[in-house]
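Following: one structure in structure tokens, then a few remarks.
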Amino acid sequence: MTPDHGPYEGLSLRIPERGGGFGASPLSSTEGHDSLSPAGPQSDQPTVLVRVLGQVAITGAARQFTRAWAIELIVYLATHPAGVSNEQWATALWPDKEMAPASLHSTASAARRSLGASASGEDHLPRSRGRLALGPNVRTDWDL
């Protein structure tokens, strides 16, 4: 098995839609970055998709991620939909270090800038004190 050919390529399993999930082909690519096009007018359509099955990727972000740790933070938060304290995500990303509050803030800010905002203007990574959680328009491929 090579990295280009995973063990699941030959499987044909239809995954049922859940709660108005993605339609037949919701993904579209634009120059500069990938984006998600809603499959219909439903308001529960995710606009950012965090792919955690297979190679990690974030589709639909406003701009390219400039910090690897920002991507790690988004993936960690995507797998913890109820949110986590700053201490929890800092320990998950840097288990052997105690990070300065300024480093945590800059990592969260970089992730927030890259994710962007929803159509209603709300950040996909809302600002909060001491706790982070992704907004409702950010989902994972696992969820879908």
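The values are calculated or read from the model by the stated rules, or taken from the named source; none is laboratory data. What you see is a predicted model; the values in this text were computed from it and never measured. So basically every Cβ, Gly included, is an ideal-geometry build from the backbone, and we count neighbours across all protein chains shown. Just the protein is used for accessible areas: all its heavy atoms, side chains included, with ligands, DNA and RNA removed. Shrake-Rupley method; radii C 1.70, N 1.55, O 1.52, S 1.80 Å.
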The one condition SER118 fails out of (1) under 14 Å from LEU77 (Cα atoms); (2) touching a residue at least 60 places away in the same chain (Cβ under 8 Å); (3) surrounded by 15 or more Cβ atoms within 10 Å (Cβ to Cβ) is (1)
Can you pull out the residues in segment 57-92 that are under 21 Å from HIS105 (Cβ atoms) and open to solvent by 70 Å² or more (accessible area, probe 1.4 Å)?
ARG63, GLN64, THR66, ARG67, ALA68, TRP69, GLU72, GLU87, GLN88, THR91
Against the definition (touching a helix residue (DSSP H, G or I) at 6+ places or on another chain (Cβ under 6 Å), open to solvent by less than 90 Å² (accessible area, probe 1.4 Å) and not in a loop (DSSP other than H, G, I, E, B)), how does ALA108 come out, yes or no?
no
Which of the residues spanning segment 128-144 are open to solvent by 30 Å² or more (accessible area, probe 1.4 Å), of a type outside the set (Asp, Glu) and more than 20 Å from HIS105 (Cβ to Cβ)?
PRO136, ASN137, ARG139, TRP142, LEU144
Just to be sure before I move on: is GLY54 assigned to a loop (DSSP other than H, G, I, E, B), modelled with pLDDT under 95, on the phi > 0 side of the Ramachandran plot and open to solvent by less than 60 Å² (accessible area, probe 1.4 Å) in the structure I sent?
no
